[in-house]
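Student: Here you go, one structure.
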Amino acid sequence: QVRLVVSGGGLVQAGGSLRLSCAASGRTASSFAMGWFRQAPGKEREFVAAISWSGGSTYYADSVKGRFTASRHNAKNTVYLQMNSLKPEDTAVYYCAADASSSRIVGGVPDYWGQGTQVTVSS
């Protein structure tokens, strides 16, 4: 079992930056791929980014490529999502996820989910 606790988020003006953190606990947490999803009001939850257990591979949705960066600190069992050049359309509830497979995260079906955190970007 993997437990995910998300922190960060908040209100920022367009063009600004935020960093989300997701702390994982559990016996095998550091061996899991981890990722981020978001859900805007009235829309389905969508994939944002994923990072392999080693941190050597990262995957991004086209809408955030070049602006968002996923990273991880395995000694802390924590993954981060650095969000730069934020746009109003990035406003959403952001969720952390984990799975033994990066592909399952990119495919939108990870085994474990954290709670959401609100990110609001004002224009």
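The values are calculated or read from the model by the stated rules, or taken from the named source; none is laboratory data. Keep in mind that what you see is a predicted model, and the values were worked out from it rather than measured. Virtual Cβ from ideal backbone geometry, glycine too; neighbours counted across all protein chains shown. Accessible surface areas use protein heavy atoms only, side chains included; no ligands, DNA or RNA. Shrake-Rupley method; radii C 1.70, N 1.55, O 1.52, S 1.80 Å.
Student: Calculate what fraction, in whole %, of the accessible area of the chain sits on carbon and sulfur atoms when a 1.4 Å probe is rolled over the protein chains.
Tutor: Percent of accessible area from carbon and sulfur atoms in the chain: 47.
Student: What is the gain in length, in nm to one decimal, between residue 39 and residue 58 on full extension, counting 0.36 nm per residue of separation less the C-alpha to C-alpha distance?
Tutor: Answer, rounded to one decimal: 4.8 nm.
Student: Among 6, 28, 97, flag the residue with its Cα farthest along the positive direction of the charge dipole of the chain, charges on Cβ as +1 for Lys/Arg and -1 for Asp/Glu.
Tutor: Farthest towards the positive pole: 28.
Student: Additional query: Compute, for residue 76, the solvent-accessible surface of its heavy atoms (probe 1.4 Å) with the complete set of protein chains present, and express it in square angstrom to the nearest 10.
Tutor: 130 Å²
Student: A further question follows. Residues of the chain: accessible area per residue at 1.4 Å, in Å²?
Tutor: Accessible surface, normalised per residue, equals 50 Å².
Student: Once you order the gyration tensor axes a ≥ b ≥ c over the Cα atoms, which shape class does the range 14-86 get: rounded for a/c under 1.5, otherwise prolate or oblate by comparing a/b with b/c?
Tutor: prolate
Student: Something else: Work out from phi, with θ = phi - 60° and the Karplus expression 6.51 cos²θ - 1.76 cosθ + 1.60, the ³J(HN,Hα) of each residue of the range 69-76, listed in order in whole Hz, and give x for Gly and Pro.
Tutor: Per residue, the Karplus-derived 3J(HN,Hα) values read 9, 9, 8, 8, 10, 5, 5, 9 Hz.
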